[in-house]
1. Going through region 201-260 one residue at a time, which ones are among the hydroxyl-bearing types (Ser, Thr, Tyr) and more than 17 Å from residue 152 (Cβ to Cβ)?
2. In region 201-219, which residue that is under 29 Å from the mean Cα position of the chain (by Cα), open to solvent by 90 Å² or more (accessible area, probe 1.4 Å) and farther than 19 Å from residue 238 by Cα is modelled with the lowest pLDDT?
3. Any chance you could count how many residues in region 202-260 are β-branched (Val, Ile, Thr) and touching a residue at least 40 places away in the same chain (Cβ under 8 Å)?
4. Outside any helix (DSSP H, G or I) and either of a type in the set (Asp, Glu) or under 21 Å from the mean Cα position of the chain (by Cα) (or both) - does that describe any residue in region 39-48?
5. Does residue 109 satisfy the condition of being assigned to a helix (DSSP H, G or I) and open to solvent by less than 10 Å² (accessible area, probe 1.4 Å)?
6. Would you tally the residues in region 157-167 being in contact with a strand residue (DSSP E or B) (Cβ under 9 Å, 6 or more places away or on another chain) and not small (Gly, Ala, Ser)?
7. If the requirement is being in contact with a helix residue (DSSP H, G or I) (Cβ under 8 Å, 6 or more places away or on another chain), at negative phi and of a type in the set (Ser, Thr, Tyr), which of these qualifies: 122, 106, 85?
8. Any chance region 47-59 includes a residue that's small (Gly, Ala, Ser) and under 25 Å from residue 152 (Cα atoms)?
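The values are calculated or read from the model by the stated rules, or taken from the named source; none is laboratory data. From a predicted model like this one, the values you see are computed outputs, not experimental measurements. Heads up, the Cβs are rebuilt from the backbone with ideal geometry, glycines too, and the neighbour counts pull from every protein chain shown. Surface accessibility is based on the protein's heavy atoms, side chains included, excluding ligands, DNA and RNA. Shrake-Rupley method; radii C 1.70, N 1.55, O 1.52, S 1.80 Å.
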Amino acid sequence: RFNLAIMQLVGSANGEGYDHALTEVFGDDEPPHRAAFSKARQLVSWTFYRDALRQLVGQVEARRTTYGGLRLFAIDGHQLVLPYTEDIYAAGYSGRPLEDNRETYTLRAYMSHCYDVLTGVTADVTFSPLLDEHRDRKSLLASVPDGSLVLYDRNYFSEDLATAHAEKGRVYFLARCKSSASREVAAFFDDVAKTFASTRRYGRRISFFKVFHPVTGEPTVYATDLPESWHRVELFERLYRMRWEVEIEQRDITETAKLEQWHSTKINGILQ
């Protein structure tokens, strides 16, 4: 019942707090006092819930849906606002940097998410006081099984990403590219007449495809190491639209599940 009350507390979506969670689980007769419950909560490490989550995710693996024979994942990052307490600050969480060596008073955490866009189930998450989506991506990529395609937005493509996928084996990627992603990508953006390019510089053949917006003429560049049988621009656009599912999931975490309605002033409670 203690663990059910924890789940009720952190999963409340309408601002309910300890009293509501305890009454829901223990009933109206003699629920524990919220102070006693909060104290007991600090005796349970957040890693208990991390391990329970991973066990649940493991049970889903065999049921994941595929697209063209590949599982589809999207990796993306998200910023969360934490309450300012000495315990959370001492754990290394600080404000978002501003100009003139200042930072916001409210503390920030950075969560990256590896999300199955077809089955709608998380594969893995990271939670850190430091903003580094490339570091998080490396950690999350380790949990992606063979026979998968990972979708990335424009912040991710780099030589390091391409090399990491080449080393993984049969884990492919599809990413939109910023014009500043590399000198090679910048030159491809600038060459209006060129709509396709490829290279083996990253340990595996990487192909670049350029698409022009039908109204504005603005170019979009996709980079991928998928086999040639997948090389159709309309397919890339369809796959990239599927990536939006991870954005919806992150919105649901904060807007629907109200994750940022923290019910703890301790870093252990935040991580729970």
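1. Within region 201-260, 216, 229, 254, 256 meet the criteria.
2. This residue is 201.
3. 8
4. No; the residues of region 39-48 include none that is outside any helix (DSSP H, G or I) and either of a type in the set (Asp, Glu) or under 21 Å from the mean Cα position of the chain (by Cα) (or both).
5. Values: assigned to a helix (DSSP H, G or I): no; open to solvent by less than 10 Å² (accessible area, probe 1.4 Å): yes.
So residue 109 does not fit the description; no.
6. Selection size over region 157-167: 3.
7. Numbers: 106 fails: in contact with a helix residue (DSSP H, G or I) (Cβ under 8 Å, 6 or more places away or on another chain); 85 fails: in contact with a helix residue (DSSP H, G or I) (Cβ under 8 Å, 6 or more places away or on another chain).
Only one candidate qualifies: 122.
8. Yes - at least one qualifying residue is present in region 47-59.
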